[in-house]
Amino acid sequence: MVNKLIKVIGAGLAGTETAWQIASLLQVQNITNYKVQLYEMRPQVKTPAHHTDKFAELVCSNSLGSEFITTARGVLIREMQHYKSIIINSAQKAKVPAGQALAVDRDIFAQEVTEKIESHPLIEVIREEFTEDLEKYIAGDDYIVFATGPLTSPDLAKKIQSLFKLINPQAKTDYLNFFDAAAPIVEESSINMDIAYKGSRYDKGLEEGEEGDYINCPFYSKAEFENFYNELINSQKAELKDFENENMRFFDACQPIEEIAAKGSQTLTFGPLKPVGLRDKRSPDKRAVAVVQLRQDNVVGSLYNIVGFQTNLKWSEQKRVFSLIPGLENLEIVRYGVMHQNIFINSPELLNQDLSLKISPSLQAERGNLPNESKIFFAGQITGVEGYTESAATGIVVARSIINSILGKDKFIMPEQTMLGSLVHYVTHCDPKRFQPINSNWGLLNKNPETLEKQYRKNKKLRYEYLAQQALAALQGETLSMFIVV
Ligand SMILES: Cc1cc2nc3c(=O)[nH]c(=O)nc-3n(C[C@H](O)[C@H](O)[C@H](O)COP(=O)(O)OP(=O)(O)OC[C@H]3O[C@@H](n4cnc5c(N)ncnc54)[C@H](O)[C@@H]3O)c2cc1C
């Protein structure tokens, strides 16, 4: 009989993965006295970046990253597949053509996740903002997972902060934060294909006769590019509200295009607008000085997003300036780019490696009745991982940590040779003073390059293949009974 709860707060990328993994493992392990309650505040309470009431909504790009095994994200995706991730399985079902990237039709993807979650017998969905006082969770029977993301509702954010102060008074418990921006989505029918052309950089992964998945808008004239560049750097930005912290930074991988441009025009032509490896087959001799790429955003191919064009320009300015891109002169934007504050917690100070909240020894001594292990967990971007895929992946760790705790087993620690294990190790062990959001990357796996055999040190491709193999091999040691059968 169900008499205990595992509350998961937030049905985004991390919350849905966590809830689904826990519910499925409860079944696999035949644990009958627990069920999951998944709270989601949308649509009653909105965030500044979400547009729908669906779970796992992708707020900007429609790509979960490269699936290629010699990329860091590719390894993470394989690891998530190994654990039967609901996010990766749903993405495969909603896939749109995008070369080696796992890009999705965002509506089909979110619908797929929402339906799977809503129909799971051990998940009760509660559509309301979670604003309970949190002190009772310090020593209560129920588990709770905060997966409320970079746009955690302000009320809850305050409550979580008070909880930190109570539970770990010595730690630095202020929220950290940075800016994140989204790119516009445009109607395919508004793109002038007499100028733009389909193609993939270096024709990567293309068979004979295939044209490539991206739409490319080439600047052939230097003057035309300079005009666009000048308009971009002199354009009007939207006002940023509610940002009290003057020290707030941009996350490197998600800087607004106008911020990148402000550092010089070459930051564009060697960055998001680099023309190398792209050629219009209708006029192969023409060399572009810069190329803007658009990636398909829905299955039918009627919507495309402008790759790398996350922006904080005023909406009228987005239309005016981006219309200066060759092929986009009649551009129709269906969703404008926006920029928002992202919050995350100081995980190295606050979280254990299984992503549970640390309880300070002084509080334990003072209260006397506290359990050694906390039943409060964090998942997703709020822990300081960055990106859809990384956020979802942490849900896999939290689910196994909770199941181990219920079964009275040792803490679940993901092997550090894996991309996910090294990511979680980083966010829980990095120097708290210089803690910044982090994507999956090879540096995490390749911590001691000098210990690698010479052949792997010299050859990048061999090295990545080797590290990927090590990561996947490390998963084979996992207990089979913890696998979800689908
Ligand atoms: C503007 C912007 C652009 C971004 N662009 C990209 C990108 O292009 N690519 C990329 O990989 N990542 C991007 N990110 C990061 C992206 O948000 C995260 O990678 C990912 O969505 C985080 O997953 P999550 O589950 O932690 O949070 P979310 O997916 O945001 O899910 C959190 C959920 O919690 C709900 N919630 C919040 N507070 C409460 C409450 N009190 N009660 C109940 N529910 C609550 C929210 O409504 C939301 O559904 C962007 C983020 C922002 C803000």
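Derivation of every value follows stated rules applied to the coordinates shown; laboratory data play no part. Small disclaimer: the values here were computed from a predicted structure and weren't measured. Neighbour counts are summed over all protein chains in view; Cβ atoms, including those assigned to glycine, are modelled from backbone coordinates with ideal geometry.
For the chain, the average shadow cast by the Cα convex hull is 24.1 nm², which is a quarter of the hull's surface. Near the amide H of residue 65, within less than 5 Å, lie the amide hydrogens of 102, all on another chain or at least 5 residues away, with H placed in the peptide plane.
Dipole magnitude for the chain: computed about the Cα centre from +1 point charges on Lys and Arg Cβ and -1 point charges on Asp and Glu Cβ, it is near 1060 debye. In region 294-425, one over the average inverse separation of all distinct C-alpha pairs is 18.5 Å, which is the Kirkwood hydrodynamic radius.
Residues 132, 366, 386, ranked from the fewest to the most other C-beta atoms within 10 Å, line up as 366, 132, 386. Counting only lysines at least 8 places from residue 447 when in the same chain, those with an alpha carbon closer than 23 Å to its own are 433, 458, 460, 461. Explain nothing, just the number: relative contact order of region 181-341, from Cα pairs under 8 Å at least 6 residues apart, as a whole percent. Answer for region 181-341 is 43 percent.
Where a Cα-Cα gap under 19 Å defines reach, which lysines qualify for residue 375, not counting those fewer than 8 residues away within the same chain? Filter leaves 4, 7, 35, 136, 159, 165, 358, 409, 411. Straight distance only, please: which aspartates and glutamates reach the Cα of residue 84 with their own Cα at less than 14 Å, same-chain residues fewer than 8 apart left out? By straight Cα distance, residue 84 reaches 17, 478.
Report note on the peptides 286-292, 17-23, 190-196: ranked by the mean count of other C-beta atoms within 10 Å, highest first, their order is 17-23, 286-292, 190-196. Comparing 321, 331, 294 along the charge dipole axis of region 290-335, the residue lying farthest to the positive side is 321, per the Cβ-charge model.
On a 0 to 90 degree scale, rounded to 10, what angle separates helix 222-233 from the longest Cα axis of the chain? Taking Cα atoms only, the helix is inclined about 40 degrees.
With Cα atoms as the point set, the radius of gyration and Dmax of region 1-110 evaluate to 15.6, 49 Å. Based on the Kirkwood radius over alpha-carbon pairs, what value in µm²/s does the Stokes-Einstein equation return for the translational diffusion coefficient of region 105-217 at 37 °C and 0.692 mPa s? Approximately 166 µm²/s, per Stokes-Einstein. What does the net charge come to around residue 102 if you take all other residues with beta carbon closer than 9 Å to its beta carbon, with K and R at +1 and D and E at -1? With Lys, Arg at +1 and Asp, Glu at -1, the neighbours total +1.
Ranked by how many other Cβ atoms sit within 10 Å of their own Cβ, fewest first, the residues 426, 83 fall in the order 426, 83.
Taking amide H atoms as placed 1.01 Å from N in the peptide plane, the amide H of residue 38 lies under 5 Å from those of 8, 124, 125, 126, each 5 or more residues away in sequence or on another chain.
For region 181-341, lysine pairs separated by 8 or more sequence positions, or belonging to different chains, with Cα-Cα distances below 24 Å total 23.
May I ask you to work out the translational diffusion coefficient for region 372-431 at 20 °C, viscosity 1.002 mPa s, via Stokes-Einstein with Rh from the Kirkwood sum over Cα pairs, reported in whole µm²/s? So the translational diffusion coefficient is about 179 µm²/s. Against the longest alpha carbon principal axis of the chain, how many degrees, from 0 to 90 and to the nearest 10, is the axis of helix 72-82 turned? Helix 72-82 sits at roughly 50 degrees to that axis. The distance linking region 1-49 with region 283-304 is 39 Å (Cα centroid to Cα centroid, whole angstrom). The charge dipole of region 121-217, taken about its Cα centre with unit charges on the Cβ atoms of Lys, Arg (+1), Asp and Glu (-1) only, comes to about 720 debye.
Spacing of the modelled spin labels on residue 476 and residue 283, each 7 Å from Cα toward Cβ, amounts to 5.5 nm.
Principal axis extents of the C-alpha atoms in region 181-341 (largest first, rounded to whole Å): 54, 34, 28. Taking the longest Cα principal axis of the chain as reference, the axis of helix 106-118 is set at about 20 degrees.
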